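Colleague: My structure is below; once you've seen it, I'll send some questions.
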Amino acid sequence: MDTIDIKQSRVLIIDDSPVNIRLLGNVLHDEHQVSVARNYTDALECALNKAPDLILLDIESPDLDAYKIFGTLQNHPSTKEIPIIIITAMNEGVYESACLELGAIDFIKKPFNPRLVKLRVQNHIELKILRDYYKAMSCIDELTGLPNRRQLNEFITHEWDRSFRKGLPLSIIMIDIDCFKPFNDNYGHAAGDECLKQVADALASANTRATDLCARYGGEEFICVLPETDTDGAAVIGQKLCHHIADLRIPHAYSEIASHITISLGVAAMTDKKEFSSPEELIAAADENLYLAKSQGRNQMVS
């Protein structure tokens, strides 16, 4: 990450004072996309739908119920990571420390110092962009660019809970590149890495639904998590994955299966709450079917 561009950053001002809104807007609008909320409902709607990078909240607005807004934003899973700067006329250190302990990231005191407001907002947005960047990087497999095990675990836990709550099916496809060790041994690790990248790109491009996740599971293994998909639907997607990999035509003269790279797949689906007690059990079932696909000759899918 070479530079930080804050021009497209979003700032939400939560205040019921037209004077404060005008003053803050005049200071910030040249460098940020500014939204305004004047009550609890609008504040929550803007925070959820416009995904601000920073929130300025006037904690003393008499008609705003600012403490309720603050608590809701801090506890909602979609807004709890958004930094909040408190706007206040209070100068007592005890008051400031109490708000910081609640989760505010900084204070801006009234009357406003325009230059100070601009600098504090800019600094905190740059920090937010950096945090978001490094968090995203920590969830990406460095070689393939696919989500890694960390992101996979978060995603499947979320989708498992949602499936249970709403009675929706959830499917898993475990994928293994056939005869990858002899490929690595004979073509070299650089060629092996390039093969993994190409396979990862093909798997990702085959999963066109925004609701699905394709991740690197480890080594030459990959996994697809398919929300709201039953066994038949997962099998259709599995066949599509096979075709995408075959179409790469990556030469593999040392394969026991074909003259090019192929994959084996294991599918498992939760269509009833009684079938599995955890996402780990669902993954294990898909992994068992993958083992069967490999033991039965590879280059096939078992579901």
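Colleague: Of (i) 19.1; (ii) 20.6; (iii) 22.5, which one was derived for Kirkwood radius over Cα pairs in Å from the structure shown?
Modeller: (iii)
Colleague: Can you list the GluC sites (Glu not before Pro) in region 102-169 that are in a DSSP coil and have 15 or fewer other beta carbons within 10 angstrom?
Modeller: 142
Colleague: Given 196, 246, 64, which one lies farthest toward the positive end of the charge dipole of the chain, if we put +1 on the Cβ of every Lys and Arg and -1 on the Cβ of every Asp and Glu?
Modeller: 64
Colleague: Still on this structure, please answer the following. Work through the residues other than residue 27 whose Cβ is under 11 Å from its Cβ and net out their charges, Lys, Arg +1 and Asp, Glu -1.
Modeller: Numbers: positive: 22, 115, 118, 120; negative: 30, 31.
It works out to a net charge of +2.
Colleague: If you average over every viewing direction, what projected area does the convex hull of the Cα atoms of region 148-303 give, in nm²?
Modeller: Mean shadow area of the hull around the Cα atoms is 8.4 nm².
Colleague: Using only the alpha-carbon atoms, how far is helix 149-166 inclined from the longest principal axis of the chain? Give it as 0 to 90 degrees, nearest 10.
Modeller: Roughly 80 degrees, rounded to the nearest 10.
Colleague: Can you tell me the order of 132-141, 276-285 when each peptide is scored by its average per-residue count of other Cβ atoms within 10 angstrom, highest first? Intermediate values should be presented prior to the final figure.
Modeller: Numbers: 132-141: 12.6, 276-285: 16.1.
The densest-packed peptide leads the list: 276-285, 132-141.
Colleague: Starting from 0.36 nm per residue, how many nanometres of slack lie between residue 8 and residue 22 once their C-alpha separation is accounted for? Please list the in-between numbers first.
Modeller: Working: separation 14, 0.36 × 14 = 5.04 nm, distance 2.02 nm.
Answer, rounded to one decimal: 3.0 nm.
Colleague: Within 14 Å, Cβ to Cβ, of residue 290, how many net charges do the neighbouring residues add up to if Lys/Arg are +1 and Asp/Glu are -1? Intermediate values should be presented prior to the final figure.
Modeller: Numbers: positive: 294, 298; negative: 176, 178, 220, 221, 287, 288.
Local charge sum for residue 290: -4.
Colleague: For a Förster distance of 30 Å, can you work out the FRET efficiency between the beta-carbons of residue 201 and residue 157, rounded to the nearest 0.05?
Modeller: E between residue 201 and residue 157, to the nearest 0.05, is 0.70.
Colleague: Which of the trypsin sites (Lys or Arg not before Pro) found in region 200-271 are in a DSSP loop and have at most 13 neighbouring Cβ atoms, other than their own, within 10 Å? Let's see the in-between values first.
Modeller: Working: sites: 209, 216, 240, 249; in loops: 209, 249.
In loop regions of region 200-271 (DSSP not H, G, I, E or B), the sparsely surrounded trypsin sites (Lys or Arg not before Pro) are 209, 249.
Colleague: Taking the Cα centre as origin and putting +1 on Lys and Arg beta-carbons and -1 on Asp and Glu beta-carbons, what dipole magnitude results for region 1-81, to the nearest 20 debye? Walk me through the numbers on the way to the answer.
Modeller: Numbers: 7 positive and 14 negative charges, 29 e Å.
That gives region 1-81 a dipole magnitude of about 140 debye.
Colleague: Are there any GluC sites (Glu not before Pro) in region 174-275 that are in a DSSP loop and have at most 11 other Cβ atoms within 10 Å? List them by number.
Modeller: Working: sites: 194, 220, 221, 228, 256, 275; in loops: 220, 228, 256, 275.
Those satisfying the criteria are 256.
Colleague: Filter the cross-link list 50/135; 135/240; 50/118; 197/294 down to pairs whose alpha-carbon distance in this structure exceeds 25 Å.
Modeller: Check vs 25 Å cut-off fails for 135/240.
Colleague: Can you sort 13, 108 from fewest to most other Cβ atoms within 10 Å of each residue's own Cβ?
Modeller: On the way: 13 24, 108 18.
Taking fewest neighbouring Cβ atoms as first place, the list is 108, 13.
Colleague: If you build a Gaussian network model of the chain, linking Cα atoms that sit under 10 Å apart, which residue out of 163, 78, 171 swings the most?
Modeller: Most flexible of the set in this elastic network: 78.
Colleague: Can you give the calculated 222 nm mean residue ellipticity of the chain, where each DSSP H run of n ≥ 4 adds -39,500 (n - 2.57) and the sum is split over every residue, rounded to the nearest 500 deg cm²/dmol? Walk me through the numbers before you get to the answer.
Modeller: Details: 10 runs with 144 residues, N = 303.
It lands at -15500 deg cm²/dmol.
Colleague: Also: Taking the Kirkwood radius as the inverse of the mean 1/r across Cα pairs, report the Rg/Rh of region 10-137. Before the final figure, lay out each step's value.
Modeller: Numbers: Rg = 13.6 Å, Rh = 14.6 Å.
Dividing the radius of gyration by the Kirkwood radius yields 0.93.
Each reported figure results from applying straightforward, stated rules to the coordinates on display, with no laboratory input. Since this is a predicted model, take the numbers as computed values, not measurements. Reconstructed Cβ throughout: ideal geometry from the backbone, glycine too, with neighbour counts over all protein chains shown.
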